[in-house]
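Please treat every number below as a calculation from the coordinates, not as lab data. This one's a predicted model, so the numbers in the text were calculated from it and none came from an experiment. A quick note on method: Cβ atoms are made from the backbone with ideal geometry, for glycine too, and the neighbour counts reach across all protein chains shown.
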């Protein structure tokens, strides 16, 4: 009897220690996640002098809202707020349009690749996915040269249209791959039943199949939006005088050659991070389920 | 496609039937729906890649005025590639690229799976913690780069230096983003690590990159863990399997499809890695993508730039074939 009591006692202690260890690890993960975020937020609320003193103040001191205010006030040609709002507009247009184009074309292609008996449709899916594994730089250099030389007649250079076309190709493969996984899970009978009732293939697709894949559409749409929102290299290639610059390029250009206005950069950074952070907070679980259930077969 | 001679009459009718079927009825719709994506694939991916290959075979330079440019390329054959392969700096940047990719992936899998297992345990506030941990993934790459630039700043007001100085762990600030060799006091180790592409700056960049990307790995693996029925573990416990054995024989095999997805996603991003490195290092740490950009847009040597970018593309294609074969193992 004594012995077994001892064992239970030991087990209790080891369980207690395990609990403590568990909470310590969780604390560590939280610290790793939140410390940089906290640093970014307090930096954005400091006057410049507070970002270059040693030791750094751990609270936003000397405090100011000004870093945020200048993004919206004193709107004149070339001012910070002008460039910020212009970049914001470009980011919204390019990311929004890319998302729509990708969803329409991508899910149409995914539907065909799931349903049609086309020889080599796996190879085609594979090629789309592989096209998204290509490095951005490998596409940007030739695409840039093509737009300024042989295709200069199209007038694509330095337009949002150019950005949308190029961004579309950056995530189309992923959309097709995930959406095909979704279409594969929808039984053929369902679609055939609708078509027996007289609906054409397109009507059946739009009315019956698409609503069933709504989680997939939401997930891929948000992923495309996040990827496009993040794009940096194409505006960089177009140069500082371009008009099709976006938020990432704007934040990069805040970084002066001699002066690093960390507080302004932090404020601009937080403002540009708000839309994607909101997306992840509210729709994160759809993105995750899209990636896991669409991408993973079976 | 069968290789029948075109003179065979049955083949010709078969061919005609196929074309007829392709253009009529539902197959017409199929092809119409597929067409835009195929056009994008050809126009924005395949043609540019082929054009890059053509440019890489010449001494290509372009002059751009107001968005219109003229191109001049003298054919030099494989000269650009030969020069690259003879250049030790190119091989160094090749090894650094591979190092960046491999080390990031390993860290991500080990730590990412670790965090996922942790978040799958029961503890107070689990739901909130899961949401918080996901946030860094949403921060735009440029913002992440700027943030880690402030943390790794070489002056004493860089956040990391500030902490270390404050607690007297170092006496002078460290310039974290300098590509210094590691373990400089042990020459053979230092040389070996430098050869492998490891240095202070690249490891700092990996840390900054992981802050943004670990969350998606951890959250995806966590989603996989949640689909594993707890009966499996209970059965294993009855059989007396240790924690590691359970992890090895139950957890890993069951989350492995998700790991493939993670690998594909992350390789996609790591081979593209440009923003973080360029923002923090400019041309100071010339991984292959930076090198290609510099050759083309700073030196105006589009031939060499294209050659490097074509080699990156080749590398990406080889890696993606390996992954995708794994993904479609049963079907191809």
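Some observations on this one:
- Counted over all Cα-Cα pairs of region A:149-254, pairs farther apart than 25 Å make up 44 percent.
- Using the Cβ-Cβ distance between residue A:86 and residue A:261 with R0 set to 22 Å, the FRET efficiency from 1/(1 + (r/R0)^6) comes to roughly 0.70.
- Distance from the C-alpha centroid of region B:210-269 to that of region B:90-149: 16 Å, rounded to the whole angstrom.
- Length added when fully stretched, residue B:39-residue B:95, from 0.36 nm per residue minus Cα-Cα: 16.6 nm
- Looking at region A:1-124, the pairs of alpha carbons with a distance over 19 Å make up 77% of the total.
- Evaluated at q = 0.13, 0.22 Å⁻¹: base-10 log I(q)/I(0), Debye formula over Cα of region A:140-200: -0.59, -0.88
- Mean separation of Cα contacts under 8 Å (6+ apart) over length of region B:87-327, as relative contact order %: 25
- Most to least packed among B:173-185, B:50-62 [average Cβ atoms within 10 Å]: B:50-62, B:173-185
- Per residue convex hull volume, Cα atoms of region A:43-100, in Å³: 114
- Tensor-based shape of region B:251-332 (alpha-carbon gyration tensor, a/c under 1.5 rounded, otherwise prolate or oblate): oblate
- Fraction in percent of alpha-carbon pairs per bin - 10 Å, chain A: 6, 19, 23, 21, 15, 9, 5, 1, 0, 0
- Rg of the Cα atoms in region B:87-327, relative to 2.2 N^0.38 Å, amounts to 1.17.
- The mean number of Cβ atoms from other chains found within 10 Å of a Cβ in peptide B:112-120 is 2, as a whole number.
- Protection proxy ranking of B:221-229, A:221-229, A:149-157 - average other beta-carbon atoms within 10 Å, highest first: A:221-229, B:221-229, A:149-157
- Exercise: per-residue mean of other protein chain Cβ atoms within 10 Å, B:55-65: 2
- Region B:194-332 - Kirkwood radius from inverse mean 1/r over Cα pairs (Å): 18.2
- Global form of region A:224-265, assessed from the alpha-carbon gyration tensor, a/c cut-off 1.5: oblate
- Mean projection area, nm², convex hull over Cα of region B:65-186: 15.4
- Shown is the FRET efficiency for residue A:14 and residue B:249, computed with R0 = 22 Å from the Cβ-Cβ distance and rounded to the nearest 0.05: 0.40.
- Neighbouring Cβ atoms from other chains, within 10 Å of the Cβ of residues in A:150-156, number 2 on average.
- Theoretical FRET efficiency, 1/(1+(r/R0)^6), r = Cβ-Cβ of residue B:236 and residue A:61, R0 60 Å, to 0.05: 0.65
- Evaluated at q = 0.15 Å⁻¹, a Debye calculation over the C-alpha positions of region B:197-269 (equal weights, vacuum) places log10 I(q)/I(0) at -0.65.
- Size of the protein assembly as shown: Rg and Dmax of its alpha carbons, in Å, are 26.8, 94.
- Here each label is just a point 7 Å from Cα along the line to Cβ, and for residue B:31 and residue A:72 those points are 5.5 nm apart.
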